[in-house]
Amino acid sequence: MTPSDVKATLSFSDGSPSIELPIHQGSLGPDVIDIRKLYAQTGKFTYDPGFLSTASCSSAITYIDGDKGELLYRGYPIEQLAVHCDYMETCYLILYGELPSVEQKKAFTARVTQHTMVHEQM
């Protein structure tokens, strides 16, 4: 998410003072209102049963839109990864942000395999 110059103004019908909240641009999906300082400024919390309208974190790895049935890893639909990529390619993608070349996959697989070996005396 990227901070923007746009702000949301929250006003209360009980006479409490209005507050401005920053808006962040989502890399995918809708923009979000940053409510981290809401309680400190107003003494009030938000209520969102099931967290259906809440972004719990900013992630460069995963994007989920349950209403649309979308699950992306690093911008790739999970269906595409399941059909066209193996486990090691997907691990590389999650760690490094891009799918590996043939050479990168070979080196990565060798490195992972080396670290999974159990010592003979165990």
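The values are calculated or read from the model by the stated rules, or taken from the named source; none is laboratory data. Since this is a predicted model, take the numbers as computed values, not measurements. Here the Cβ positions follow ideal geometry from the backbone for every residue, glycine too, while neighbour counts run over all protein chains shown.
Could you go through the range 20-27 and let me know if any residue there is surrounded by 10 or more Cβ atoms within 10 Å (Cβ to Cβ) and under 25 Å from Leu95 (Cβ atoms). Taking every residue of the range 20-27 in turn, at least one turns out to be surrounded by 10 or more Cβ atoms within 10 Å (Cβ to Cβ) and under 25 Å from Leu95 (Cβ atoms). Every test in (1) surrounded by 10 or more Cβ atoms within 10 Å (Cβ to Cβ); (2) modelled with pLDDT under 90 is passed by Ile61 save one, and that test is (2).
Considering only the range 7-23, state which residues are touching a strand residue (DSSP E or B) at 6+ places or on another chain (Cβ under 9 Å) and closer than 11 Å to Gln41 by Cβ. Scanning the range 7-23 gives Leu10, Ser18, Ile19, Glu20, Leu21. Between Tyr73, Tyr87, the distinction of being closer than 30 Å to Thr113 by Cα, surrounded by 11 or more Cβ atoms within 10 Å (Cβ to Cβ) and modelled with pLDDT of 90 or more belongs to Tyr73 only.
Within the range 62-72, being outside any strand (DSSP E or B) and closer than 20 Å to Asp31 by Cβ holds for Gly66, Asp67, Lys68. Filtering the range 1-19 to residues that are in a strand (DSSP E or B) and surrounded by 11 or more Cβ atoms within 10 Å (Cβ to Cβ) leaves Ser4, Val6, Lys7, Ala8, Leu10, Ile19.
Being assigned to a loop (DSSP other than H, G, I, E, B), in contact (Cβ under 8 Å) with a residue 40 or more places away in the chain and not β-branched (Val, Ile, Thr) is a description that applies to Leu28. Of everything listed in (1) modelled with pLDDT of 90 or more; (2) loosely packed, with under 13 Cβ neighbours inside 10 Å; (3) in contact with a strand residue (DSSP E or B) (Cβ under 9 Å, 6 or more places away or on another chain), the single unmet condition for Tyr39 is (3). Across the range 2-54, the qualifying residues are those that are touching a Ser or Thr at 6+ places or on another chain (Cβ under 9 Å) and acidic (Asp, Glu), and the one among them that is nearest to Gly69 (Cα to Cα) is Asp31. Scanning the range 48-55 for any residue that is of a type in the set (Phe, Trp, Tyr), outside any loop (DSSP other than H, G, I, E, B) and modelled with pLDDT under 90 turns up at least one such residue.
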